[in-house]
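Undergrad: Dropping the structure in here first, questions after.
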Amino acid sequence: MGKNGLAWIGMGATAATLALTGIAVMSSAANADLILVQVVGGVVTPAPTVAASFRDLGAQGFGTAPRMLTLQTNTVETGNETPVDVEHGDAVDGANKSTTPTLATLGWTSGFNVGIGFNSDQSGQTGITMQSLVLTIFNGTTPVGSFSLASSLTPLTFTAADLALQQGNGNAVFDFGLTVPQQAQFNSILAQPGSSGFFAGLSSQLGCPADTLALAPLCLVSNDGPDTFIGFNQVPGPIVGAGLPGLIAACGGLLALARRRRKLVA
């Protein structure tokens, strides 16, 4: 399908506006956070910077993990994917471009497994701005839950230096995961009958809509992509970093390290 001509899809867009594009909207979407994450010491934690979220997935990388959404055009890219494998807006058709895999295919058996990787191939080695990112879970064609880019990250700019990290590494992505509260929300979806067969669809807007072009260089346009999102298993562990979950994970890591040292001494 062609461009939908929508001015801007962001956290402030209305449900009615989003519905016109085929993007699924849930009442809880504004409170459901996707954040940049990093893997430190075998534990998934919030990433302090965009560069810190850059991750080599190895065998889980491109060519293995399902490609959920590919956008490719100039200035601004707006598109989404709904079941089964239906493109809207600027989403690029093709099994290796835009799909709606099942939760079983993705290996998302818990909220901490949810991983979305972003890879941008900008012409001219420039950066790009992400205006929105929404993960929607569907039972058939009915949305049952939705998770949006955290408002604290919106809009999110990937600088030229950030994207330069991707060069020569097709398995590397910028890593998005769920906050701890939203892992619990995702687990409530998994508790529904037949959830392994539920579909996962993505929507995103990249670049600079007309009403943001005057903000340059704060907003970086898309330069003919392709800009691709994949779904992968975030294993080995849940997002931690604050409160009791972080303390438990830290203590567990220290205990494991102490046991390993005792074995080496013995």
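Bear in mind that the values in this text are calculations on the coordinates, not laboratory data. These numbers were taken from a predicted model, which means no experiment stands behind them.
Undergrad: Calculate one ³J(HN,Hα) per residue across segment 143-158 by plugging θ = phi - 60° into the Karplus curve 6.51 cos²θ - 1.76 cosθ + 1.60, and present them in order as whole Hz with x for glycine and proline.
TA: Each residue's phi maps through the Karplus curve to give x, 10, x, 8, 10, 10, 4, 4, 4, 5, 9, 9, x, 10, 9, 9 Hz.
Undergrad: Next question. Can you work out the Karplus-derived ³J(HN,Hα) for every residue in segment 98-104? Use 6.51 cos²θ - 1.76 cosθ + 1.60 with θ = phi - 60°, whole Hz, and x for glycine or proline.
TA: Computed from phi, the couplings for segment 98-104 are 9, 8, 10, x, 7, 5, 5 Hz.
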